[in-house]
Amino acid sequence: MEKGGGHSNPKVVGVKGMFESALEIKALSKEDNPKDMVEKASISAKESKDKVLSSKKGNASIALGEVPSLVRDIRESAKKIDESLKLLIASGYDASYPLSDNMKIGIGRICLLDKILEAVMPKINDSDNDNFDDNICEKIKKVVDEFNKNEKDEYSCSIMSLNSYPKTKGKDLVKKCINELMKDVEKYLGDVKGNGNGVCGELLQGAKSASGQFGESLKLLSEAASAIAEACKRLAYGIL
């Protein structure tokens, strides 16, 4: 899947970051403890990953009906990583724009999938026929259009799976969207190619060069991002 603006890979050059307003960071409470928030984010991410793994019994696939709750868990865990990173920045850590952008794009894709599932699952749950509703494609397009309307061009999203309609529709089209968006999240939050370009890799690189004040926290957040990326990978390829 290609993101708006022609970028299809995790950012490796500086562009507008997700922290567009210094007020966003300054608004974080001085009472927030970075170490505590990082630890909570780490625990949450690992729990989200475990829920996805436990949903897949043996070689069996994950039931489509279980996906919305799993995606919501992943969304909340990813947001905790994001909030922890912002708090580290508020505490003096100098994050790169690529790291910030990759985080925003990854979370955006998770939230988009969450909204898509919220729109289409009631119809799917009410039907016993895989070809039940030719309007599923339109429902997905409407959610994507609304998402893009609220995002800047560099953060917009184009779901290539929609091009397979009407050959692919109903549940199969929803599964394709899950596969596409979750692979995208894995790419931006993980370190798929092992070159340090995704959030996980960038945080790990930062942990190696950061002072003791930030090193351990960045390492934990790197592991948390890796857990979310793994959960998304399993969802991408494991839906029944």
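Quick look at the numbers
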read-out: Residues that are outside any helix (DSSP H, G or I) and out of contact with any Pro (no Cβ under 9 Å at 6 or more places or on another chain), drawn from region 196-225; value: 196, 210, 211
read-out: Verdict on residue 34 being modelled with pLDDT of 70 or more and surrounded by 19 or more Cβ atoms within 10 Å (Cβ to Cβ); value: yes
read-out: Pick from region 196-215, criterion more than 20 Å from residue 104 (Cβ to Cβ) and touching a residue at least 24 places away in the same chain (Cβ under 8 Å), ranking: farthest from the chain's Cα centre (by Cα); value: 213
read-out: Qualifying residue in region 184-195 (condition: basic (Lys, Arg), under 12 Å from the mean Cα position of the chain (by Cα), assigned to a helix (DSSP H, G or I) and surrounded by 19 or more Cβ atoms within 10 Å (Cβ to Cβ)); value: yes
read-out: Region 56-84, residues that are touching a residue at least 24 places away in the same chain (Cβ under 8 Å) and more than 19 Å from the chain's Cα centre (by Cα); value: 56, 60, 61, 63, 65
read-out: Residue 145, sole failed condition from (1) assigned to a loop (DSSP other than H, G, I, E, B); (2) charged (D, E, K, R); (3) modelled with pLDDT of 90 or more; value: (1)
read-out: Checking residue 135 against (1) buried (at least 16 other Cβ atoms within 10 Å of the Cβ); (2) closer than 30 Å to residue 153 by Cα; (3) modelled with pLDDT under 90; (4) not hydroxyl-bearing (Ser, Thr, Tyr), the condition it does not meet; value: (1)
read-out: Enumeration of residues in region 38-65 that are modelled with pLDDT under 95, surrounded by 15 or more Cβ atoms within 10 Å (Cβ to Cβ) and more than 13 Å from residue 230 (Cβ to Cβ); value: 55, 62, 64
read-out: Residue match in region 100-118 (condition: surrounded by 20 or more Cβ atoms within 10 Å (Cβ to Cβ), farther than 26 Å from residue 221 by Cβ and among the hydrophobic types (A, V, I, L, M, F, W, C)); value: yes
read-out: Check on residue 201, buried (at least 23 other Cβ atoms within 10 Å of the Cβ), at pLDDT below 95 and of a type in the set (Gly, Ala, Ser); value: yes
read-out: Within region 204-228, considering residues that are within 12 Å of residue 99 (Cβ to Cβ) and polar (S, T, N, Q), the one surrounded by the fewest Cβ atoms within 10 Å (Cβ to Cβ); value: 205
read-out: Residue 113 being in contact with a strand residue (DSSP E or B) (Cβ under 8 Å, 6 or more places away or on another chain) and at pLDDT 95 or above; value: no
read-out: Any hit, region 160-171, residues being of a type outside the set (Ser, Thr, Tyr) and within 28 Å of residue 47 (Cα to Cα); value: yes
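The values are calculated or read from the model by the stated rules, or taken from the named source; none is laboratory data. Note that the structure is a prediction, hence the values are computed from the model and not measured. In this analysis, Cβ positions are derived from the backbone assuming ideal geometry, glycine residues included, and neighbour counts consider all displayed protein chains.
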